[in-house]
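Notes for the one structure printed next.
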Amino acid sequence: MTNQQTSAVPVKYVGRRPTYVEGAYGSKLVFTSDETKLVAADLAAKLLRHPDVYVQGEMPKAKNQAVESGKKAPEEDNQESMLQDLRDTIAIMDKDALEQFARFHFKVDIDKRRSLPNLRQEITRLLDQYGVAP
């Protein structure tokens, strides 16, 4: 077990709404009625101050369940940032640059007779579908 899992506390949502997005502490966790999630201990302490909305839940049976902290893992955040940077770059490329990018990253030839916005859309779709190896 990692330290992150040992410092996790099961928190059960008992509020009135069928779906609730936690916003008071900025975690943006989405709870459904009577749902229990493993939450980082510091966030759980804050949530459990509101017994009309949250109560301590039971530990889930699954051993590999991720701890909900409302924060993305650093490598996941870094990858999303890299993909967004590539999308921004694609948005300013000309046809020749798009052709080279598609050939290098996806091993596909694009039809340069198509309009520039269509080519950008196609390359962005390929990026979203396949991603890019670091």
With a cut-off of at least 1 residues that are among the charged types (D, E, K, R) and more than 30 Å from Leu29 (Cβ to Cβ), name the helices (runs of 4 or more DSSP H) lying wholly within the range 72-132. 95-106, 116-130
Taking the range 40-93, which residues are among the charged types (D, E, K, R), within 30 Å of Gln121 (Cα to Cα) and modelled with pLDDT of 85 or more? Asp85, Arg87, Asp88
Say we look at the range 26-44 and pick out the residues that are among the hydroxyl-bearing types (Ser, Thr, Tyr) and assigned to a loop (DSSP other than H, G, I, E, B); which of these is surrounded by the most Cβ atoms within 10 Å (Cβ to Cβ)? Ser27
What is the residue count in the range 5-34 for residues that are within 11 Å of Gln56 (Cα to Cα) and without any contact (Cβ under 8 Å) to a residue 24 or more places away in the chain? 0
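The values are calculated or read from the model by the stated rules, or taken from the named source; none is laboratory data. Owing to the predicted nature of the structure, the values given are computational and were not obtained by experimental measurement. We place every Cβ from the backbone using ideal geometry, glycine too, and count neighbours over all the protein chains shown.
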